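Asks: One structure follows; several queries about it will come next.
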Amino acid sequence: MKRTRRLFTVNSWLGLITGIFLLLLGLSGAVPVFRHELDQLANRNVLTVKPTDQSLANPVSRCYQTIIERYPNLDGIAWLNPGAGQSEAYDFRLYLNDVQLFTYDLGLITFDPYTGVILRGGKLGRHR
């Protein structure tokens, strides 16, 4: 009986330690999965735009031209939210050429589709 109780106590402590580890692992893994939603929540004031009657003729084309002018040595551009609603800014991922053979730097640029104004931009992790 004493041995069973001791094994139960060891099992309980190991389960608690493992449970805490798995909880931290799950929470840290959820951050990349819900990155877009967390970005929307944290930067709501930057990513929400006011729809206006006057808008750019072709906002995506204008955003693309602005990106090309600002970053002439890009390796690629990806539009992150093509299904953006009327009050959402346009996000673009930039694949910046870092002159390394097997790597590239990631950038992010966000536009107001009605005015063409850059709301934030730069290398990932350093927005202005």
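Asks: What FRET efficiency do you get for Arg93 and Ala57 if R0 is 22 Å and r is their Cβ-Cβ distance, rounded to the nearest 0.05?
Replies: 0.35
Asks: Could you point to the label whose value was computed as mean projected area of the Cα convex hull in nm² for the structure here, given (1) 8.2; (2) 7.3; (3) 12.3?
Replies: Entry (3).
Asks: Here is a follow-up. For helix 2-33, report the angle its Cα long axis makes with the longest principal axis of the Cα atoms of the chain; keep it between 0 and 90° and round to the nearest 10°.
Replies: 0
Asks: Still on this model: For Ser12, what is the net charge nearby, where nearby means another residue's Cβ is under 13 Å from its Cβ and Lys, Arg count +1, Asp, Glu -1?
Replies: So the environment of Ser12 carries a net charge of +2.
Asks: Whose amide H sits under 5 Å from the amide H of Arg120, counting only residues 5 or more places off or on another chain, with H placed in the peptide plane?
Replies: Thr110
Where a number appears in this text, it was derived from the coordinates with a stated rule and is not lab data. Because the structure is predicted, anything quoted here is derived from the model rather than measured. Because the Cβ atoms are built from the backbone with ideal geometry, glycine has one as well, and the counts that use them run over all protein chains shown.
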